[in-house]
Structures are given as C-alpha cells and as structure tokens.
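To keep things clear, I will list the structure first and then write my remarks on it.
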C-alpha cells in the first residue's frame, strides 16, 4: 500500500533529481510560454478524491479518477476543494492506523 506522504516524497525527490540532471525540460504551449502544472492552475476545475483509508486529495477535473479513489466533491474551483479537504480530512492518519490504535495494535 502506498500512502499519500510517500507519493509527495517521491514526487519531490524526482523533481529535484530531474532538475539536477536535466531529465525534464519545461514544456512550452503554442505561444511559447511554459505550461503550468495542472495542480497549480488557479482557474482550473478540480475534484476532491478520497481513498479507502479516508485520505483526501484534490485532482484535476480533466483527468480520470485513479483506481481506488472516489469523488467526494465534483468539479469546483481549487480554493473550494482545499476548503473542503481542510474541513473534512481532520485526522491525517490512515483509517487502518486509527483502527489499530483503538484496538491496541492487536
């Protein structure tokens, strides 16, 4: 099982390495300007997804929902998605860890 923090760590590691070794070059759009990361686009529509461990994330609306994730909030702006996540994902621990802690790690 892959946890969200592992994805963030791996993503930041790969970005640092790609910059260091030049693996990735910024893509250009038709006007010659660098393309934005879809997660940074303030004007885009997003969804809020949650997995079976009740971990939440925002996801671009144009992208398919990954296997194992369900839509909790559909097609809204980025700020509303972030507000939803802050209000509804109160405990960052995965659901299985919460259950194990309640049962004394049996």
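Scoring 88-101, 39-52 by mean Cβ neighbours within 10 Å over their residues and listing the highest first yields 39-52, 88-101. Shape verdict for the range 41-106, please, from the Cα gyration tensor: rounded (a/c under 1.5), prolate (a/b greater than b/c) or oblate. The shape class here is prolate.
Taken together, the values in this text are just the output of simple stated rules run on the coordinates, not laboratory data. Source: prediction; values computed, not measured. Glycine also receives a Cβ, built like all others from the backbone with ideal geometry; neighbour counts cover every protein chain displayed.
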